[in-house]
Amino acid sequence: VEIYSLHVDCKVTSRFAHTVITSRIVNRANESREATFEVELPKTAFITNFSMSIDGEVYPGIIKEKAAAQNEYDSAASQGQSAGLVKITDRKLEQFHVSVSIAAASKVTFELTYEELLKRQLGKYELLIKVRPKQLVKHFQIDVHIFEPQGIHFLETDSTFMTNELNEALTKVQNETKAHILFKPTLDQQKKNSELDETLLNGDFIVRYDVKREATAGDIQIVNGYFVHYFAPQEMPVFPKNVIFVIDRSGSMTGRKIEQTRDALLKILQDLRQEDHFSFITFNNKVVEWKSSLLPATEENVASAAALVQTLTARGGTDISGALLAAVGVLEKAEGLPERSVSMIILLTDGQPTSGEKNVEVIQANVQKAINGKYALFCLGFGFDVSFKFLEKMALSNGGIARRIYENADAALQLQGFYQEVATPILMQIEMQYPENSIEGLTKNNFKLFFEGSEIIVSGKISNELDLLPVEIKAQTHTSNLTLKEEANVKEKEQVFQNQKYIFGNFIERLWAYLNIQQLLEKAISAQEEDQKALETQALDLSLQYSFVTPLTSMVVTKPQQQEELANKPTEAG
């Protein structure tokens with residue numbers, strides 16, 4: 001069975017990436033064989049379409065509500081259950097895998113489409129394409145087209161498998177607002193060496209870029225009555241931080257985990273700014289406060305904290321509740337902190353609560369009541385013994401985020417990378433305001449914190465014939481209260497995307513739907529039960545209307561002989 005053509009075609013229009021992967025396979029044997037299509041796609045993406053055509057017959061994937069799809073599938077497959085088609089394979093990726101039996105000399109074409117909104121992190125967007133054909137492919141090609149009306153500030157490609165020969169197969173053409181990256185290696189360039197038919201193509205192909213920004217109220221783009229507003233201010237004074245690190249040193253952290261934690265904390269201590277205040281709480285079944293109050297991050301205090309970190313050892317149980325409530329207590333009674341500053345708690349744990357309060361719902365309620373909207377809580381779950389659901393709900397209920405730290409050689413770097421993302425808060429209490437009577441379906445437009453290097457995105461539907469879309473941004477900076485105003489000329493903005501050959505027509509509407517679904521699902525995590533249902537119903541309706549495979553929908557993949565399989569989207573919380 002030979003893959004004779006594999007084409008990855010990716011169009012990024014104003015951060016919204018639309019990727020189509022087409023694989024053509026021929027069975028050269030003289031009997032029927034299994035042809036397999038395996039694609040790894042980013043976890044943040046939603047699959048929107050899949051089809052296979054065998055000898056001219058097309059078998060489409062159909063997206064339905066999860067429960068309905070499951071019922072239909074169960075009745076069709078009562079004589080032997082087959083596993084789902086999508087599973088998480090990596091910290092950033094999930095894998096879509098389907099195979100089908102094709103007759104001798106037959107051909108099959110698989111086509112998968114997925115979409116995602118690229119998220120700005122540490123000053124850049126990253127488009128990740130996983131390349132793993134597992135064989136030499138006669139016609140292999142990756143095309144990435146980027147169109148950013150704001151202008152491309154920088155663009156780079158990176159890959160984990162490049163050689164000098166393969167580099168010759170890579171071309172990059174770029175002007176002010178557009179770029180085209182083409183990677184088209186010949187059979188010879190793909191080979192590990194001339195004797196063996198082994199492929200070099202195995203790993204990540206990455207495009208990173210950022211856009212140009214004017215020092216205004218962000219950038220507004222409009223297509224077919226939908227708008228998106230990007231806001232990422234630069235060169236603002238940084239808020240001092242008051243940060244408490246709450247570190248699990250229970251028995252399960254023994255060995256490599258506690259070593260990696262020590263390494264990461266030593267680096268993070270070096271990154272604290274002079275005007276920051278900080279403290280440590282370590283916990284097993286006992287909760288130990290390093291100091292009873294927050295200390296300024298002077299050289300002396302940082303050195304003394306580093307000495308403590310060096311001595312961290314792991315044993316005992318896990319009292320998550322006691323440790324978090326102690327952290328809130330330290331922030332509550334802190335004195336002499338800078339007037340305008342950002343207070344945060346960063347929890348690192350690798351397990352379930354086994355000491356003190358063990359009921360996760362009670363812990364969540366008590367922590368939320370204690371924090372009372374005043375501090376941001378970030379939860380880092382180390383490995384797979386944690387209840388990620390619990391950490392995620394706790395973080396999202398308290399203005400933070402949760403992140404899984406994978407038990408790999410680079411765990412210390414993952415911890416540092418996370419800290420860098422939240423290390424430079426430059427705005428607080430951001431309100432993005434639009435004319436109420438002429439905007440419908442507005443996505444989230446109030447944000448507690450903005451960190452340098454990230455981006456705020458708001459999208460909505462312009463409901464009546466507006467000529468000008470006025471926007472107003474209010475926020476607090478370290479030194480003052482900020483108000484930014486801007487007016488977008490709707491007709492002019494619509495012109496920008498006319499006659500662009502690689503725009504897929506309604507991309508801002510799809511971007512709006514994608515962002516809405518992501519936010520509704522996130523909101524549902526920390527909502528009360530009755531609200532949760534309503535939020536999920538809304539997200540489900542959008543998923544079906546715009547055909548996205550989300551955690552609430554399934555794609556039913558039909559095959560010859562009326563066989564059916566299901567593709568579901570896995571989530572980090574399992």
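The values are calculated or read from the model by the stated rules, or taken from the named source; none is laboratory data. It should be emphasised that the depicted structure is a prediction, and the values quoted were computed from it without experimental measurement. Every residue, glycine among them, receives a Cβ derived from its backbone with ideal geometry; neighbour counts consider all protein chains shown. When the accessible area is computed, the model is the full protein with side chains, heavy atoms only, and any ligands, DNA or RNA have been set aside. Shrake-Rupley method; radii C 1.70, N 1.55, O 1.52, S 1.80 Å.
The residue of segment 553-574 that is least open to solvent (accessible area, probe 1.4 Å), among those that are among the β-branched types (Val, Ile, Thr) and out of contact with any helix residue (DSSP H, G or I) (no Cβ under 8 Å at 6 or more places or on another chain), is Val557. Out of segment 340-386, which residues are free of Cβ contacts under 8 Å to residues at least 60 places away in the same chain and polar (S, T, N, Q)? Matches in segment 340-386: Gln352, Asn359, Gln364, Asn366, Gln368, Asn372.
Residues that are touching a helix residue (DSSP H, G or I) at 6+ places or on another chain (Cβ under 9 Å) and of a type in the set (Gly, Ala, Ser): does segment 199-209 have at least one? Checking segment 199-209: not a single residue is touching a helix residue (DSSP H, G or I) at 6+ places or on another chain (Cβ under 9 Å) and of a type in the set (Gly, Ala, Ser). Please verify whether Ser547 is open to solvent by less than 50 Å² (accessible area, probe 1.4 Å) and over 26 Å from Phe384 (Cα atoms), treating the condition exactly as stated. Here the answer is yes, as Ser547 does meet what is asked.
Kindly indicate whether any position in segment 71-91 is within 25 Å of Ile3 (Cα to Cα) and modelled with pLDDT of 90 or more. Checking segment 71-91: not a single residue is within 25 Å of Ile3 (Cα to Cα) and modelled with pLDDT of 90 or more.
Within segment 251-309, the residues that satisfy the criterion of being closer than 18 Å to Gln414 by Cα and among the charged types (D, E, K, R) are Arg256, Lys257, Glu259, Arg262, Asp263, Lys267, Asp271.
Cβ-Cβ distances below 6 Å connect the following pairs, each with a first residue in segment 463-474 that is under 14 Å from His229 (Cα atoms), a second residue that is at pLDDT 90 or above and among the β-branched types (Val, Ile, Thr), and a separation of six or more residues or different chains: Leu469/Val490. Out of Phe46, Phe16, Phe37, Phe50, one residue alone is in contact with a Gly (Cβ under 8 Å, 6 or more places away or on another chain) and open to solvent by less than 30 Å² (accessible area, probe 1.4 Å). It is Phe50.
Only one residue in Ile345, Ile268 is in the same structural domain as Gln364 (by the TED database), under 22 Å from Phe390 (Cα atoms) and among the β-branched types (Val, Ile, Thr). Which one? If you could, list the steps in order and put the result at the bottom.
Values: Ile268 fails: under 22 Å from Phe390 (Cα atoms).
Only one candidate passes the filter, namely Ile345.
The test for being over 25 Å from Gly255 (Cβ atoms), assigned by the TED database to the domain that holds Phe245, at pLDDT below 95 and not basic (Lys, Arg) does not hold for Gly351. Just so you know, in segment 389-409 the residues that are in a loop (DSSP other than H, G, I, E, B) and more than 16 Å from Val422 (Cβ to Cβ) include one that is nearest to the chain's Cα centre (by Cα), and it is Tyr406. The condition of being of a type outside the set (Phe, Trp, Tyr), open to solvent by 10 Å² or more (accessible area, probe 1.4 Å) and under 18 Å from the mean Cα position of the chain (by Cα) holds for only one of Gln420, Gln368, that being Gln420.
Of the residues screened, Ala314 is one that is assigned to a loop (DSSP other than H, G, I, E, B), closer than 15 Å to Val287 by Cα, open to solvent by 10 Å² or more (accessible area, probe 1.4 Å) and of a type in the set (A, V, I, L, M).
A single entry from Lys138, Lys134, Lys124, Lys119 fulfils the requirement of being touching a residue at least 60 places away in the same chain (Cβ under 8 Å), surrounded by fewer than 16 Cβ atoms within 10 Å (Cβ to Cβ) and in contact with a strand residue (DSSP E or B) (Cβ under 6 Å, 6 or more places away or on another chain): Lys138. Residues satisfying the criterion are present in segment 473-481 (criterion: modelled with pLDDT under 95, part of a loop (DSSP other than H, G, I, E, B) and open to solvent by 80 Å² or more (accessible area, probe 1.4 Å)).
In summary, strands (runs of 3 or more DSSP E) completely within segment 35-138 and bearing 3 or more residues that are of a type in the set (A, V, I, L, M, F, W, C) occur at 46-54, 57-65, 93-102, 107-117, 125-131. Among the residues of segment 287-312, those identified as without any contact (Cβ under 8 Å) to a residue 60 or more places away in the chain and touching a Ser or Thr at 6+ places or on another chain (Cβ under 8 Å) are Val288, Glu289, Trp290, Lys291, Ser293, Leu294, Leu295. Inspect segment 247-269 for any residue being touching a Pro at 6+ places or on another chain (Cβ under 9 Å), buried (at least 17 other Cβ atoms within 10 Å of the Cβ) and part of a strand (DSSP E or B) and give the result as yes or no. No - not one qualifying residue is present in segment 247-269. Could we say that Phe227 is crowded, with 24+ Cβ neighbours inside 10 Å, within 13 Å of Leu484 (Cα to Cα) and either at pLDDT below 95 or not aliphatic (A, V, I, L, M) (or both) here? Against the criterion (crowded, with 24+ Cβ neighbours inside 10 Å, within 13 Å of Leu484 (Cα to Cα) and either at pLDDT below 95 or not aliphatic (A, V, I, L, M) (or both)), Phe227 does not qualify.
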